[in-house]
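The structure appears right after this line, and notes come after that.
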Amino acid sequence: MTSINYDTIAEQYAEHRQMLPEALAQWLAVVVREGQLSSQTLVLDLGCGVARFTGPLARVVGGRVIGLDVSWEMLRQAPPDHPTHVAPLVQADACVLPFASGVFDCVFMSHVLHHIGDRQRCLQEVARCLKPGGRFLNRAMRTSILGLVLAYRFFPEAEAVDGRRTPSEGDLDELLHGAGLRPLQWVDVRHKWVNSAEEYLQKLRNKYMSSLHLITEVEFQAGLRRAEGYAREHPEDPSWLYETISMLVAEKPGEGLGHE
Ligand SMILES: C[S@@+](CC[C@H](N)C(=O)[O-])C[C@H]1O[C@@H](n2cnc3c(N)ncnc32)[C@H](O)[C@@H]1O
C-alpha cells in the first residue's frame, strides 16, 4: 500500500489526532503571526481533514476560513459546533482548486503535501489562488527533524515510509520556486502532545500516524510490543509527551497586502 484512503479512517483520525487545548492555542498563535491574519483576511485551509484548525482559526481571528478536503468522510467529522457561517467546508481536489485567482490572503496546509501525487501542480494552484503578497504556510514534518519522532524508535518501517514520502527541504524549495512562491523561513514548534506514556500508547494502538497504516500488520504489532516494553521501563521519559512539527513560511511575490 502506498497511499491512504482517508474516507476509511476519518472517525479514527477525528478521535486520535485531536490536539490538547494548549497545543492548539500555541499553533493558532503561530499561524496568525506567520500568516499575517486579521479579521479582514480570507484563508484557505487546504486539506483541512476533520477541520481541527479551520473553525478555531476563523474564531481566533474573527475572520473567514474556507476548509477544503478531497475526503467527504473527513469533512463529515468536523465537530458539531463547527462555525460553518464563517468557515464553510468544500469537497475538492487540492490540485484543481474551485476558486478564482488571487482571492486568498493565506493558504494554510497541515500534514497534506506528502499525500499529494502531483505536488508541483498543487503548489501552482496555491500560488494562483493567493493574492500577490499572500502567505503560504506548510505545516508538516521536515526531513531534518524526522529523527525527533519517538514512534520511529519502535516502528522503523514507518520511519522509512515517511522518509520516502516527505519532500526534502531542497525539494520543497525547488517546488515552491517552480510554482512562483518565495520561501521565507522555517518555524519549528514543540508542543505538548499527550499527558502520559499511556495516552501516547493509546494513540499508537489507534495508528494515529498515517505511516502506521502503510506498514504490515506484523511490523505494526512488533512495534507496538517494543513501545509497550519501553513504556513499562521508562514511563516518565518526557519524549512521550512532546512533539515538534515544522512550518515552512512562503509568500507569493508582489505588492504587500497592507494589513493593519
Ligand atoms: C493527515 S490529514 C491532515 C488533515 C488536517 N490538515 C489536519 O492537520 O488535521 C491529510 C488530509 O489531506 C487530504 N488530502 C489528501 N490528498 C488530497 C487532495 N489531493 N486534495 C485535497 N485533500 C487531500 C486527506 O483527505 C486528509 O484529510
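Going from the fewest other Cβ atoms within 10 Å to the most, the residues Tyr152, Tyr6 appear in the order Tyr152, Tyr6.
A Gaussian network model of the chain, with springs between Cα atoms under 10 Å, assigns the largest mean-square fluctuation among His191, His85, His16 to His85. In the chain, a dipole from Cβ-located charges (positive for Lys and Arg, negative for Asp and Glu) runs towards its positive end, and of Pro98, Asn138, Gln26 it is Pro98 whose Cα lies farthest in that direction. Residues Glu73, Glu217, ranked from the fewest to the most other C-beta atoms within 10 Å, line up as Glu217, Glu73.
Centroid-to-centroid, using Cα positions, region 1-56 and region 93-166 are 12 Å apart. Among Cys95, Cys129, Cys48, the ranking by other beta carbons within 10 Å of each residue's beta carbon, starting with the fewest, stands as Cys95, Cys129, Cys48.
The base-10 log of I(q)/I(0) for region 118-260, evaluated at q = 0.18, 0.20 Å⁻¹, reads -1.01, -1.14 [Debye formula, identical scatterers on Cα atoms, solvent excluded].
Can you give me the Rg/Rh ratio for the chain, using Cα atoms for both radii and the Kirkwood formula for Rh?
Details: Rg = 18.2 Å, Rh = 18.9 Å.
On the Cα set of the chain, Rg over Rh gives 0.96.
With a simple spin-label model that places each label point 7 Å from the Cα along the Cα-to-Cβ direction, the separation between Tyr242 and Asn5 comes to 4.0 nm. The helix-based estimate of mean residue ellipticity at 222 nm for the chain, built from -39,500 (n - 2.57) per DSSP H run of four or more residues and divided by its residue count, is -11000 deg cm²/dmol to the nearest 500. Taking max minus min of the alpha-carbon positions on each principal axis, region 66-108 gives extents of 31, 20, 15 Å, largest first. Annotation for Ser38 and Ile145: the two label points, set 7 Å from Cα along the Cα-Cβ direction, are 2.9 nm apart.
A short reminder: the numbers here are calculations on the coordinates, not readings from a lab. Just so it is clear, the structure is predicted and the values come from calculations on it, not from any experiment. In this analysis, Cβ positions are derived from the backbone assuming ideal geometry, glycine residues included, and neighbour counts consider all displayed protein chains.
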